[in-house]
Amino acid sequence: MEGSGVVTVYGNGAITETKKSPFSVKVGLAQMLRGGVIMDVVNAEQARIAEEAGACAVMALERVPADIRAQGGVARMSDPQLIKEIKQAVTIPVMAKARIGHFVEAQILEAIGIDYVDESEVLTPADDANHINKHNFRIPFVCGCRNLGEALRRIREGAAMIRTKGEAGTGNIIEAVRHVRSVMADIRLLRNMDDDEVFTFAKNLAAPYDLVMQTKQLGRLPVVQFAAGGVATPADAALMMQLGCDGVFVGSGVFKSGDPAKRARAIVQAVTHYSDPEILAEVSCGLGDAMVGINLNDSKVERFAHRSE
Amino acid sequence: MAVVGVLALQGSFNEHIAALRRLGVKGVEIRKPEQLQTVTSLIIPGGESTTMAKLAEYHDLFPSLREFVQMGKPVWGTCAGLIFLANKAVGQKAGGQHLVGGLDCTVHRNFFGSQIQSFEAELSVPELVSKEGGPETFRGIFIRAPAILEAGPEVKVLADYPVSSNRLSNSDSPIEDKTENPEEESKVIVAVRQGNILGTAFHPELTADTRWHSYFVKMSNEIIEEASSSSLVPAQVGTSHYQPPASDLPIYP
């Protein structure tokens with residue numbers, strides 16, 4: 001800043017870039033995943049089924065969210081050995097989850113060379129106040145959000161991809177719909193807003209002003225946005241696409257159902273042909289039992305989405 | 001006006017359509033075999049090649065795609081699209097994957113490694129610059145990118161990228177280490193043209209620089225003009241259309 005007499009808060013670009021792994025490269029992989037389905041898998045065999053069905057990436061886990069709910073206890077990063085085995089089994093990108101704020105788990109995941117880290121509320125949070133400073137990593141991160149403010153705070157922390165939080169492991173799409181609608185409604189509001197009003201809007205969202213402005217100019221989130229948390233059927237997946245998501249995460253929905261291979265394939269096709277009801281009808285036929293869902297009106301059900309701000 | 005088809009099974013098809021729109025050219029999404037009849041040229045975008053191959057297989061797109069290429073209609077593949085167009089690909093998933101073929105070269109899928117090895121590089125692109133002007137280099141974004149290990153005599157190399165020859169011999173490639181000094185740098189090919197087929201291992205659709213898109217549109221135009229006299233490109237896409245992009249951030253249409 002010498003001699004310029006100007007204090008630049010965020011540098012030239014809206015997002016701080018590091019030499020080794022520019023933000024465009026981190027976002028780039030997410031862009032390659034657009035229009036695709038990312039599936040939770042717990043072993044190499046499931047990963048192969050997901051790849052054969054046409055998943056564009058897999059999320060390597062020890063337990064799917066439905067089992068984390070059922071079994072309780074502290075959920076942590078998966079055993080790196082398991083993640084390595086899954087990585088060797090497939091050629092598509094492999095993601096893995098780290099606890100919120102647990103930057104050492106993220107360092108370990110970076111060291112074993114996976115493609116994306118999910119800083120996930122599905123695992124038990126390690127830090128109730130801070131998320132990981134994702135700018136310090138060469139590996140890209142995906143983070144959950146419930147609304148526009150939360151999404152932009154995560155992007156400011158360095159997330160290169162955003163997903164809705166939904167309510168993982170429930171097979172109930174209602175929360176994911178709520179979160180996508182909330183983000184989209186705020187973006188529509190923002191697009192029609194006078195520039196003078198954006199400062200207060202950013203304050204109310206508790207989001208960085210520059211990213212709010214960038215969102216206004218682009219008319220969408222400045223990174224790729226996926227849906228997650230409760231997708232169980234091809235129709236759920238197509239619903240999320242029609243609401244404006246770039247792709248879909250399917251957690252427990254595939255491998256907790258009667259015929260995982262067939263359901264996985266149907267959800268992949270539903271995401272590609274999300275606006276074609278005839279194809280959706282065709283792929284929705286005869287899929288066997290869907291996962292048993294959880295009614296979220298029950299107050300005893302723990303809300304993972306409320307674990308972080 | 002003729003339109004450019006963009007295979008929209010999965011991946012960066014929105015980005016390609018947005019880049020074409022900036023040139024004043026209409027891009028249409030292609031998801032079914034019959035939709036291929038409506039376009040005169042095709043872009044196969046980046047994405048996960050395994051996923052795209054599976055989706056193409058579900059909807060029986062391969063025969064129509066092969067026919068499209070064999071008829072000599074202009075086709076451009078970026079990243080996953082390049083793998084689709086290659087006659088031979090190594091580093092595939094267990095059981096292999098279907099390819100469209102047509103481009104006489106061997107592509108190593110995921111040559112540069114996982115996401116952590118993804119990178120950006122300024123590539124020297126003499127052929128592109130001679131046609132489109134602008135800066136001497138092009139900002140290539142390589143994401144889990146493939147590379148061309150061998151290219152046939154018909155294939156014209158438009159850009160290459162230096163790698164240590166160690167990297168070449170470590171990869172399970174069919175190329176033998178020809179250099180005496182294993183530390184010496186060698187090159188892999190990252191952009192090619194063979195007749196009406198264009199292939200790039202990087203992602204021009206992720207940058208604001210539209211020269212590759214303009215190059216492809218003109219290439220299609222020449223071929224169509226040979227057949228008929230219709231024009232694909234509006235007048236403003238002249239020889240010196242290149243303008244420095246205001247911002248070189250990724251594009252999100």
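Each reported figure results from applying straightforward, stated rules to the coordinates on display, with no laboratory input. Predicted model only: the values in this text are computed from it and were never measured. Don't worry about glycine lacking a Cβ; one is built from the backbone with ideal geometry, like all the others, and counts go over all protein chains shown.
Here are some notes:
- Projecting the Cα atoms of A:299, B:188, A:239 onto the charge dipole of the protein assembly as shown, computed from C-beta unit charges around the Cα centre, puts A:299 farthest toward the positive end.
- Taken along the Cα-to-beta-carbon direction at a fixed 7 Å, the label points for residue B:3 and residue A:276 span 1.5 nm.
- Counting neighbouring Cβ atoms within 10 Å and putting the fewest first, the residues A:306, B:203, B:98 line up as A:306, B:98, B:203.
- Here residue A:128 and residue A:262 are evaluated by their C-beta separation; at R0 = 51 Å the FRET efficiency comes out at 0.80.
- Links that overshoot a 22 Å alpha carbon limit, given the list B:88/B:187; A:26/A:97; A:165/A:256; A:87/B:187: A:87/B:187
- Average beta carbon contacts from partner chains per residue of B:136-142, 10 Å cutoff: 1
- Between the range A:84-114 and the range B:47-112, the alpha-carbon center distance in angstrom: 28 Å
- Computed E for residue A:85/residue B:150 - FRET, C-beta separation, R0 22 angstrom, nearest 0.05: 0.10
- Segments A:292-299, A:149-156 sorted - mean Cβ within 10 Å per residue, highest first: A:149-156, A:292-299
- Relative contact order, percent, chain A [alpha-carbon distance under 8 Å, six or more residues apart]: 18 percent
- Under 19 Å from the Cα of residue B:32 - aspartates and glutamates, other chains or at least 8 residues apart: A:276, A:278, A:282, B:48, B:57, B:60, B:67
- Antiparallel DSSP beta bridges within the protein assembly as shown, percent to nearest 5: 35 percent
- The modelled label-to-label distance between residue B:130 and residue A:70, using points 7 Å beyond Cα along the C-beta direction, is 6.5 nm.
- Straight-distance crosslink candidates among aspartates and glutamates, where the alpha carbon sits under 12 Å from residue B:54 and sequence neighbours closer than 8 are dropped: A:51, A:52
- Taking all Cα pairs closer than 8 Å and separated by 6 or more residues, the relative contact order of the range A:119-240 comes to 29 percent.
- Among A:171, B:155, A:54 - extreme Cα towards positive end, dipole of the protein assembly as shown, charges at beta-carbon: A:171
- Partners of residue B:218 within straight-line reach, counting aspartates and glutamates whose Cα lies under 18 Å from its Cα and excluding those fewer than 8 residues away in the same chain: B:127, B:132, B:205, B:209, B:226.
- Peptide A:84-92 is shielded by partner chain Cβ atoms: per residue, an average of 3 of them sit within 10 Å of its Cβ.
- Taking amide hydrogens as placed 1.01 Å from N in the peptide plane, the amide H of residue B:155 sits under 5 Å from that of no residue at least 5 positions away in sequence or on another chain.
- Test item: B:12-21 mean partner chain Cβ contacts at 10 Å: 2
- R0 of 25 Å, Cβ-Cβ distance residue B:87-residue B:37: FRET efficiency to nearest 0.05: 0.50
- Across the range A:207-309, Cα pairs under 8 Å and at least six residues apart give a relative contact order of 24 percent.
- In degrees, nearest ten, helix A:174-191 long axis to first principal axis of chain A (Cα): 30 degrees
- The convex hull around the C-alpha trace of the protein assembly as shown, projected and averaged over every direction, spans 27.4 square nanometres.
- Using alpha-carbon coordinates, inclination of helix A:260-272 to the longest axis of chain A, degrees: 40 degrees
- A simple packing score, the average count of other Cβ atoms within 10 Å per residue, orders the peptides A:187-200, A:267-280, A:54-67 as A:54-67, A:267-280, A:187-200, with the highest score first.
- Across the range B:27-37, computed HN-Hα scalar couplings (Karplus, 6.51 cos²θ - 1.76 cosθ + 1.60, θ = phi - 60°) run x, 10, 7, 10, 10, 10, x, 5, 5, 5, 5 Hz from first to last residue, x flagging Gly and Pro.
- Chain lengthening between residue B:28 and residue B:163 when straightened (0.36 nm per residue, less Cα-Cα): 44.9 nm
- For residue A:50, the shell of other residues with beta-carbons less than 15 Å away shows a net charge of 0, using +1 for Lys and Arg and -1 for Asp and Glu.
- Ordering A:229, A:113, A:140 by Cα displacement along the dipole of the protein assembly as shown toward the positive end leaves A:229 in first place; charges were set at the Cβ atoms of Lys, Arg (+1) and Asp, Glu (-1).
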